[in-house]
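Contents: one structure, followed by commentary.
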Amino acid sequence: MTAPIATSQTILVVGGGISGMTAALEAAECGRDVVLVERSPTLGGRTALLYRYFPKMCHPTCGLEINLRRLKANRRVRVLTMTEVAGITGRRGDYQATLKIRPRYVNETCTACGDCSAAVSAEIPNPYNYGLDKIKAAHLPHVMAYPQRYLLDPSIIGTADADQAKAACKVGAIDLEMQEETVQLAVGAVLWATGWRPYDAAKIQPYGYGRFPNVITSVEFERLADPSGPTGGKLLRPSDGKEAKNIAFIQCAGSRDENHLRHCSRICCMATLKQTQYVREALGDTAQSTVYYIDIRSIDRLEDFYQMVQRDATVKFVKSKVARIAQADNGDPILHGVDTEGYHRYATAHDLVVLAIGMEPESNAIALPQDVITDSSGFIEGSPDGGMCGAGSASSPLDVNRSVQSATGAALRAIKVIYQTASEEA
Amino acid sequence: MHALRTTGHQTIPAVAARYRNNFLKEVEAHVEDGEWVKMCMQCGVCAGSCPLGAHWEHPPQELFMMIRAGKRAEVLTSDAMWMCTSCYNCVVRCPRKLPITQIMHGIASYAQELGLAPEVQPTRDFSIQFWKNCTKTGRVNEMKLTVGLYFKDGLVAGIKQVMNMLPVALGLMKAGRLNPFELLRGHSPKDQKGIAAMLKRARAIEAQRAPVTH
Ligand SMILES: Cc1cc2nc3c(=O)[nH]c(=O)nc-3n(C[C@H](O)[C@H](O)[C@H](O)COP(=O)(O)OP(=O)(O)OC[C@H]3O[C@@H](n4cnc5c(N)ncnc54)[C@H](O)[C@@H]3O)c2cc1C
Ligand code: SF4
Ligand code: SF4
Ligand code: SF4
Ligand code: SF4
């Protein structure tokens with residue numbers, strides 16, 4: 001691959017989720033040159049892994065499709081997938097970024113026919129279903145993937161599977177000799193749109209995630225509800241594949257907790273309210289959802305959605321943070337706690353428990369440039385000189401709507417940096 | 001509590017006075033770690049995690065709410081905080097990191113100070129005996145403390161308890177963990193005077209604390 005041409009007038013956007021795509025497009029549509037860097041093999045980020053999104057319960061495809069169309073129509077955005085930022089030096093208006101591009105082993109001529117996938121036998125845990133099922137080692141990430149190009153997992157390189165994949169490809173798109181590349185880039189402004197990741201549920205010891213199969217996280221539940229997910233959209237519990245009818249949702253799992261994430265993740269109340277409607281959709285009036293909560297935080301107009309769910313007879317609310325979970329012999333998780341409205345002690349069995357897991361900044365796992373300031377939870381504010389700033393859920397726990405607003409604001413700041421740099425140079 | 005409270009020249013009716021968090025303020029001023037009570041967000045984790053479970057009057061969560069609701073008499077005469085076993089289960093799990101165990105003991109000793117603690121309460125009895133025992137010389141005499149506790153309900157009950165615990169006591173003696181001669185004399189620390197002086201000073205500091213007003 002040739003290095004993309006970039007100058008100090010270029011904006012680098014790190015992370016190609018809904019926020020990164022939005023920031024890149026807004027800046028490009030204002031006439032700026034943008035390099036959009038995404039670590040995974042596809043754009044879309046975690047939004048693409050939701051079944052539906054609140055408040056309108058639309059499929060994530062719609063939102064993403066509009067952005068992909070804008071992207072295809074715009075020549076100013078260069079997209080680099082499987083690419084990470086290895087380091088950034090310099091200052092506002094004058095940065096040197098080092099990018100590492102992992103080999104995909106499939107080039108641009110791929111037609112996404114799928115023959116290579118059929119030809120290989122090795123399977124890997126499916127990262128797009130949070131490891132709940134397996135995917136062929138030669139695969140397209142998911143139906144919404146952009147670019148629509150297959151990839152080979154590095155684990156099969158050097159094996160017979162890789163040769164079979166290569167032999168199966170009629171257009172010669174598979175190149176087993178591809179190597180990791182390092183690219184240097186001069187840019188004027190950097191937007192960090194690296195997003196979030198689910199907090200490690202196993203760290204919440206009393207809830208038994210990882211020990212009790214029928215305790216899962218809300219991101220996994222999104223995949224269970226999705227027809228293209230591991231269960232074909234059926235709400236089957238992991239221990240015995242039985243259909244889960246009586247489902248508990250535990251709010252603030254890892255959030256609002258000095259022992260875990262100290263911030264309120266802001267979206268998980270709404271995510272749970274939404275997911276109770278997945279249960280209703282799957283089971284009709286026989287559905288039973290119980291929401292264990294400290295406070296329900298559905299802000300602004302999202303309150304309407306809360307009121308709608310409150311009227312739903314299949315949904316019950318218990319004001320209490322569950323203290324611990326035990327497991328019955330039949331695999332049912334039993335929730336223990338005390339209800340704040342009356343201080344009644346309960347021990348209630350459910351078929352399945354969904355932990356409304358908190359959002360942790362993804363950037364907690366990467367080395368940010370030294371002058372990037374983060375808040376006490378690790379969300380990115382930016383550099384003091386304004387040359388770098390956070391965008392979307394990398395900057396604060398935000399839903400899609402607010403992520404897009406934040407990304408638009410960030411794009412404007414980056415445009416300002418470029419504008420000022422340009423006028424200084426002129 | 002007064003029916004009417006005045007601030008400056010303004011008179012506030014009794015209803016408003018109820019919302020002035022007087023008892024919370026009193027707890028903050030007089031109970032060790034009392035300033036933490038207002039940080040409780042009523043999540044229920046401590047109540048649900050306490051091994052005493054359903055066996056006591058009010059779990060910590062409820063007690064903290066009662067403090068904020070101004071239920072002074074109910075809180076201070078309650079048996080609840082005396083039941084805390086200091087297992088610290090609640091403390092390690094509290095999402096707000098309240099020092100719950102310390103507050104429980106703080107409220108108990110404040111109630112004791114005010115003479116409001118329940119009359120018949122085994123933990124309280126034990127605490128009083130323990131305190132008397134250890135402040136006498138500066139070192140706890142386990143033999144005397146145990147015997148004192150066993151015989152507190154009379155001779156017959158005491159003998160019964162001793163017989164019950166005899167195998168344990170013999171085991172401890174064999175292992176060199178219990179010396180029956182301590183009953184007669186007991187040993188004490190080197191600087192007994194120093195300890196007495198320290199305790200005196202502690203009492204003086206305590207006496208300096210703001211007087212109780214309510
Ligand atoms: C259970 C659950 C349900 C939800 N449901 C809804 C809903 O119904 N409606 C709604 O509005 N919101 C919902 N959300 C929130 C929604 O997922 C986020 O608002 C959205 O994902 C934010 O998009 P983003 O682009 O900021 O971050 P992300 O989606 O996390 O995208 C970040 C991108 O950056 C990439 N990246 C990360 N690090 C690097 C790096 N170092 N280098 C290069 N690239 C990198 C990632 O691969 C990813 O593609 C839900 C969240 C949860 C947890
Ligand atoms: S790499 Fe070749 S075989 Fe595989 S999907 Fe692309 S075009 Fe088809
Ligand atoms: S949004 Fe709701 S579930 Fe999520 S952390 Fe905030 S209060 Fe808890
Ligand atoms: S666990 Fe902490 S915050 Fe929760 S009710 Fe108990 S004291 Fe309050
Ligand atoms: S320390 Fe006391 S209040 Fe806390 S859980 Fe243990 S017994 Fe209960």
Practice item. Per DSSP H run of at least 4 residues, take -39500 (n - 2.57); add these up for chain B, divide by its residues and hand me the 222 nm value, nearest 500 deg cm²/dmol. Key: -16000 deg cm²/dmol
Review point. Considering chain B as a Gaussian network with a 10 Å cut-off on Cα pairs, which listed residue, B:Y110, B:Y150, B:Y88, attains the greatest mean-square fluctuation?
Key: B:Y150
Practice item. Identify, among A:V143, A:M57, A:S406, the residue whose Cα sits farthest towards the positive end of the charge dipole of chain A, taking +1 on the Cβ of Lys and Arg and -1 on the Cβ of Asp and Glu, with the dipole about the Cα centre. Key: A:M57
Practice item. Identify which of A:V85, A:V318, A:V13 has the largest mean-square fluctuation in a Gaussian network model of chain A, with springs joining Cα atoms closer than 10 Å. Key: A:V318
**Study point:** Debye log10 I(q)/I(0) for the protein assembly as shown, one point scatterer per Cα, at q = 0.11, 0.12 Å⁻¹
**Key:** -1.12, -1.23
Review point. Got a sec to turn the phi values of the stretch A:115-120 into Karplus ³J(HN,Hα) couplings, 6.51 cos²θ - 1.76 cosθ + 1.60 with θ = phi - 60°, whole Hz, x for Gly and Pro?
Key: 4, 5, 4, 5, 7, 9
Study note, to complete from the structure: Expressed per residue, the solvent accessible area of the protein assembly as shown in Å² (1.4 Å probe) is about 49 Å²
Exercise for review: Of the options B:F151, A:Y105, A:G131, report the single residue whose Cα projects farthest towards the positive end of the charge dipole of the protein assembly as shown (beta-carbon charges: Lys, Arg +1; Asp, Glu -1).
Suggested key: B:F151
Review point. Roughly how many debye, to the nearest 20, is the charge dipole of the stretch B:143-214 about its Cα centre, given +1 on each Lys and Arg Cβ, -1 on each Asp and Glu Cβ, and no other charges?
Key: 220 debye
Check your understanding: Scaled to the compact-protein estimate 2.2 N^0.38 Å, what is the alpha-carbon radius of gyration of the stretch A:200-357, rounded to two decimal places?
Key -> 0.97
Practice item. For chain A, with all protein chains present and a 1.4 Å probe, just round the carbon and sulfur fraction of the accessible area to a whole percent. Key: 49 percent
Check your understanding: Dipole magnitude of the protein assembly as shown about its Cα centre, charges +1 at Lys/Arg Cβ and -1 at Asp/Glu Cβ only, in debye to the nearest 20?
Key -> 1840 debye
Practice item. Quickly estimate the mean residue ellipticity at 222 nm for chain A, helices only: each DSSP H run with n ≥ 4 gives -39500 (n - 2.57), and the total goes over all residues, rounded to 500. Key: -7000 deg cm²/dmol
Review point. Using +1 on the beta carbon of Lys and Arg, -1 on that of Asp and Glu, and nothing else charged, what's the dipole of the stretch A:115-168 about the Cα centre, debye to 20?
Key: 120 debye
Check your understanding: So what J values fall out for the stretch A:192-207 if you push phi through Karplus, 6.51 cos²θ - 1.76 cosθ + 1.60 with θ = phi - 60°, rounded to Hz, Gly and Pro as x?
Key -> 8, 10, 7, x, 9, 8, x, 4, 5, 5, 5, 6, 8, 3, x, 8
Practice item. Work out the FRET efficiency for B:I159 and B:D79 from their Cβ-Cβ distance, taking R0 = 35 Å, and round it to the nearest 0.05. Key: 0.75
Revision key, fill the gap. Checking A:C268, A:C113, A:C389 against a Gaussian network model of chain A (alpha-carbon springs below 10 Å), the top fluctuating residue turns out to be A:C113
Check your understanding: Given B:P99, A:A201, A:V85, which one lies farthest toward the positive end of the charge dipole of the protein assembly as shown, if we put +1 on the Cβ of every Lys and Arg and -1 on the Cβ of every Asp and Glu?
Key -> B:P99
Check your understanding: What percent antiparallel are the DSSP beta bridges of the protein assembly as shown, to the nearest 5?
Key -> 55 percent
Review point. Too long at a 20 Å Cα-Cα cut-off: which of A:K72/A:K416; B:K136/B:K160; B:K136/B:K193; B:K152/B:K193; A:K203/A:K316; A:K274/A:K316?
Key: A:K72/A:K416; B:K136/B:K160; B:K152/B:K193; A:K203/A:K316
Revision key, fill the gap. In nanometres, the difference between 0.36 nm per residue of separation and the alpha-carbon distance of B:H187 and B:Y88 is 32.4 nm
Point to revise | Value in Å of the Kirkwood radius, where the stretch B:119-214 supplies the Cα pairs that are averaged | key: 15.8 Å
Point to revise | the stretch B:54-119, Rg to Rh (Cα coordinates; Rh as Kirkwood inverse mean 1/r) | key: 0.95
Check your understanding: In a solvent-free Debye calculation with one equal scatterer on each Cα, what is log10 I(q)/I(0) for the stretch A:340-424 at q = 0.22, 0.23 Å⁻¹, listed in the order of the q values?
Key -> -1.08, -1.13
Revision key, fill the gap. In Å, the Kirkwood estimate of hydrodynamic radius for chain B over Cα pairs equals 20.3 Å
Point to revise | Rg and Dmax [Cα atoms of the stretch A:115-168; Å; Rg one decimal, Dmax integer] | key: 10.9, 30
Practice item. Output the direction-averaged projected area (hull surface divided by four) of the convex hull of the alpha-carbon atoms of the stretch A:149-264, in nm². Key: 13.3 nm²
Point to revise | ³J(HN,Hα) computed for each position of the stretch A:395-405 - Karplus, 6.51 cos²θ - 1.76 cosθ + 1.60, integer Hz, glycine/proline x | key: 9, 4, x, 10, 7, 4, 4, 6, 4, 5, 4
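The values are calculated or read from the model by the stated rules, or taken from the named source; none is laboratory data. On a predicted model such as this, the values are computed, not experimentally measured, just so you know. In this analysis, Cβ positions are derived from the backbone assuming ideal geometry, glycine residues included, and neighbour counts consider all displayed protein chains. Note: areas computed on protein heavy atoms with side chains; ligands, DNA, RNA excluded. Shrake-Rupley method; radii C 1.70, N 1.55, O 1.52, S 1.80 Å.
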